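Structure in structure tokens, see below.
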Amino acid sequence: MSVDSINSLANSQSGVQNSQNIVFKNVEHKVGIMEKAAMSCVKCAKCVPTCTIYSINRDEITSPRGYLDLVQAYSQGRLALDLSLKNAVESCFLCTTCVTQCPMSLPVDFVIERVRVDVAKKYGIPLYKRFLFFLLGKRSVLNLVFSLGFYFNPCLFKDENGRKRLRFGFGNLKNRVITPLNRRSFLQRFNGLIESKNKDSMESNLQDSIKNEKLDSKENIESKSQDSIISIESNPQNPRKVGIYIGCLSNYNYVNVGVSLLKILDRLGIDAFIPGKQECCGAPAFFSGDIKNTTRLIKKNLDYLVPLLSDLDALLVPEATCAAMLLSDWHHALEIESEVFGIDNAEYLSKLESLKKKTFMASKWLHDFTRLDSILSKRKKSQTKITYHDPCHARKVLKIFNEPRNLLKNYALKEMAESSTCCGFGGVTIQSEKYDLAKKIGDKKAWHIAESNAEIVSAECSACRMQIDDSMGRNNVNATFKHPLELIAESLEKT
């Protein structure tokens, strides 16, 4: 929702219920954007039944409209930013379900992210987070940490029913299912241009397409719902080269995701370019309120990636959270930095618009702009039962739902119950300080997977993968997790 829309909808509303620990005070104030968003809420409660945190903590304070009431009181100066408010806003999973349910699409997630910046300013960033965010901003140091950690895998992890658990640990780390470390990351293994060896096959597929289908005219292509995301000069009917923005978890923990994407592109006759100096998207820092580290990473990425775009048809992101950061949250973060610190980010907002025009989640681009579905239709069908989990950032933020499913038709797909509900990952704070909440939500997801009787569960998000793997291990669910790109690559190998 735009600022103008929020301004036009703003009206006063009553306070939150169940607020025993919240102390209000009457003061005069200047109306701000957070308050205006909160005042626009008409308290219809459509958001409440579907709220992730409210489903396990039946307190109006931890519901979307409760959050908005708290934010309104805080922005008016009637509510202090004390530990109770800090705890409340840090309990939100930022799944954005409320935004999709709201008749006015009020940006509850953005409002909470904004308050978390104030929380971080007042209470500081915990030492363990500062160390993590430092590593995420120092690629060479992080490479060294993971490479050294690889040699300690036998000491750190034990194998239980096909899953790796920590041998040692304390608190929330005890007995967690965690992916072992790789000796070399994806970006260490692959860098720069990787030319396809199947361009003849690509041209053959294109000729088949021309024979059987009438290609869209330039006018038709430009009028499609993509809003000219790919220009006609890039020729989406015959793409040549795409970039890969891999994401940290696929770079370090789930390297086969990137390898599978390379295999798919090679089969399509499309050259891949891996920008070797790409940085973390900043999601862990952003969701923790560390706006300075977030925008530092954003600006480094924009300065590096934007000049490369002219030679690329698209920039593919195989991770829902990273894709949503680039296409949505980077804009929010730059705006917040401008508001809080008075920094003029007009130049970077302009660069971001250029980047967004060519940035896609991998399954979306492969589905819409290649002949992958046609090639897959000629491959041998598998009787392997799979089920699909919709990452919040894919389904609710980027509106991606059918694309990965259409590319997985070679498998026996059985939809789980509530496939679009949050898996419970929630970010660094939830996983480290509020793991009991993550477990409660994760248990529900594991039960739905078990009820589907699927052998494999898939989702285009490695954060979901980490959470779901842990949840299945805790609930003894005998299914394995594979990224959709891994399943597609395996399907392409079958004759």
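For the peptides 376-385, 254-263, 124-133, what is the packing order when you average, over each peptide's residues, the other Cβ atoms within 10 Å and list the highest mean first?
Ranked by mean Cβ neighbours within 10 Å, highest first: 254-263, 124-133, 376-385.
Run the numbers on region 333-447 and let me know its relative contact order in percent, using alpha-carbon pairs under 8 Å that are six or more apart.
Numbers: 88 pairs, mean separation 24.1, N = 115.
Relative contact order, region 333-447: 21 percent.
Would you please put 403-416, 315-328 in order of how densely packed they are, using the mean number of other Cβ atoms within 10 angstrom per residue and starting with the highest?
315-328, 403-416
At R0 = 45 Å, how high is the FRET efficiency between residue 183 and residue 475 if r is their beta carbon distance? Nearest 0.05 is fine. All intermediate terms of the calculation are to be shown ahead of the outcome.
Numbers: r = 31 Å, r/R0 = 0.70.
E between residue 183 and residue 475, to the nearest 0.05, is 0.90.
Could you give the length gained by full extension between residue 292 and residue 191, i.e. 0.36 nm per residue of separation minus their alpha carbon distance, to one decimal place? Intermediate values should be presented prior to the final figure.
Values: separation 101, 0.36 × 101 = 36.36 nm, distance 2.84 nm.
Net length gain for the segment: 33.5 nm.
Treating each Cα of region 377-493 as an identical point scatterer and ignoring solvent, apply the Debye formula and state log10 I(q)/I(0) at q = 0.13, 0.15, 0.23 Å⁻¹.
-0.47, -0.62, -1.33
Report the calculated FRET efficiency for residue 42 and residue 335 (r = Cβ-Cβ distance, R0 = 30 Å), to the nearest 0.05.
The value I calculate is 0.75.
Take the Cα atoms of region 32-123, find their three principal axes, and give me the spread along each one in whole Å, biggest first.
Projected onto the principal axes, the Cα atoms of region 32-123 cover 32, 27, 18 Å.
Determine by what factor the alpha-carbon radius of gyration of region 340-386 differs from 2.2 N^0.38 Å, reporting the quotient.
For region 340-386, the normalised Cα radius of gyration comes out at 2.06.
Something else now. Rg and Dmax of region 268-417 over Cα atoms: what are they, in angstrom?
17.8, 58
In nm², what is the average projected area of the convex hull enclosing the Cα atoms of region 249-308?
Values: hull surface 19.7 nm².
With the hull built on Cα positions only, its mean projection is 4.9 nm².
With the crude spin-label approximation of a point 7 Å out along Cα→Cβ, what separation in nm comes out for residue 59 versus residue 413?
4.0
For the peptides 45-54, 61-70, what is the packing order when you average, over each peptide's residues, the other Cβ atoms within 10 Å and list the highest mean first?
61-70, 45-54
With +1 on each Lys and Arg Cβ and -1 on each Asp and Glu Cβ, how big is the dipole of region 377-493 about its Cα centre, in debye rounded to the nearest 20?
That gives region 377-493 a dipole magnitude of about 360 debye.
Using 0.36 nm per residue of separation minus the Cα-Cα distance, give me the extension gain between residue 80 and residue 378 in nm, one decimal. List each step's numbers first, then the result.
Working: separation 298, 0.36 × 298 = 107.28 nm, distance 6.25 nm.
That works out to 101.0 nm of additional length.
Give the lysines whose C-alpha is closer than 18 Å to that of residue 364, dropping any in the same chain fewer than 8 places away, or say none.
Within reach: 224, 241, 263, 356, 396, 399, 409, 482.
Once you place label points 7 Å from the Cα toward the Cβ at residue 353 and residue 150, how far apart are they in nm?
4.3
Taking 7 Å along the Cα-to-C-beta vector as the label spot, tell me the residue 160-residue 141 distance in nanometres, rounded to one decimal.
Taking the simple label geometry, residue 160 and residue 141 are separated by 3.3 nm.
Every read-out reported here was derived from the displayed coordinates using simple, explicitly stated rules and does not represent laboratory data. These numbers were taken from a predicted model, which means no experiment stands behind them. Positions of Cβ are backbone-derived with ideal geometry, glycine not excepted, and every protein chain shown enters the neighbour counts.
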